[in-house]
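S.K.: The structure is given below, and queries will be raised subsequently.
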Amino acid sequence: MNTAVQHVNSTYNTSDQSFAQRIAGFGEHAIVLSTALVLLWIGGMKFTAYEAGAIEGLVASSPLVSWLYSFLSVQATSNLIGLVEIATAILLIAGIRFKAPAILGALAAIATFSITLSFMFTAPAWEASLGGFPALSVIPGQFLLKDVVLLAVAVSLLGKALNRDA
């Protein structure tokens with residue numbers, strides 16, 4: 001009787017592990033694809049005058065990227081940023097199958113989300129009517145806060161890519 005119970009327990013544990021592995025695999029692909037979707041969508045929007053105008057204040061206030069306006073127009077700067085975001089998304093998607101684009105895509109995502117997070121310190125992100133820090137303004141403060149999670153995702157993707165076999 002102990003043998004029968006052990007067999008049932010080992011079968012149950014094996015199927016639990018297989019299910020858990022499938023869920024983990026699904027989750028890993030969902031993280032990559034959802035990050036790529038965000039980058040594709042936001043990157044695509046950068047090619048519109050609406051988005052170029054919307055990011056102008058953020059870009060202009062940043063010592064990391066404001067220099068782009070010294071030789072590119074507002075729209076051309078937005079287009080360049082959009083191109084980088086779309087290229088990053090494509091690298092992340094290709095990285096599902098190949099290690100090198102996974103690494104490059106994760107590094108590009110880390111750079112992208114680090115730069116956008118830096119806007120929290122260079123743009124007026126704190127709501128003065130609520131006493132300033134830590135009260136975030138809706139835009140850009142709360143809008144940029146999501147990049148904390150996206151940066152963590154990008155770092156995680158880099159670690160997974162580096163640990164992968166070719």
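Read-outs: derived from the displayed coordinates by stated rules, not from any lab. Everything numeric in this text was worked out from a predicted model, so none of it was measured. Note that we place each Cβ from the backbone using ideal geometry, even for glycine, and neighbour counts take in every protein chain shown.
S.K.: Grab the Cα-Cα distance for Y50 and K99, subtract it from 0.36 nm times how many residues apart they are, and report the gain in nm with one decimal.
M.R.: Here the answer is 14.0 nm.
S.K.: I would also like to ask the following. Relative to the longest principal Cα axis of the chain, at what angle does helix 2-45 sit, 0 to 90 degrees, rounded to 10?
M.R.: For helix 2-45, the angle is close to 20 degrees.
S.K.: Using the count of nearby Cβ atoms within 10 Å as a rough guide to exposure, how do T116, T122 rank from fewest to most?
M.R.: Details: T116 24, T122 17.
With the sparsest Cβ surroundings first, the list reads T122, T116.
S.K.: Answer with a single label: of (i) 21.2, 80; (ii) 18.9, 54; (iii) 19.2, 68, which was calculated as Rg and Dmax of the Cα atoms in Å from the structure in view?
M.R.: Given (i) 21.2, 80; (ii) 18.9, 54; (iii) 19.2, 68, the structure-derived one carries the label (i).
S.K.: Could you work out [θ]222 nm for the chain from helices alone, using -39500 (n - 2.57) per DSSP H run of at least four and dividing by all its residues? Round to the nearest 500 deg cm²/dmol.
M.R.: Taking each H run of at least 4 residues, the total per residue is -26000 deg cm²/dmol.
S.K.: Could you work out the local net charge near E28, counting Lys and Arg as +1, Asp and Glu as -1, over the other residues with Cβ closer than 12 Å to its Cβ? Walk me through the intermediate numbers first.
M.R.: On the way: positive: R22, K160, R164; negative: none.
The answer is +3.
S.K.: Against the longest principal axis of the chain, how steep is helix 143-163, in degrees 0 to 90 to the nearest 10, with axes from Cα atoms?
M.R.: Tilt of helix 143-163: around 50 degrees.
S.K.: Follow-up question, since we're still on this one. To test your reading of the geometry: what angle, between 0 and 90 degrees and rounded to tens, separates the Cα axis of helix 99-122 from the longest principal axis of the chain?
M.R.: 50 degrees
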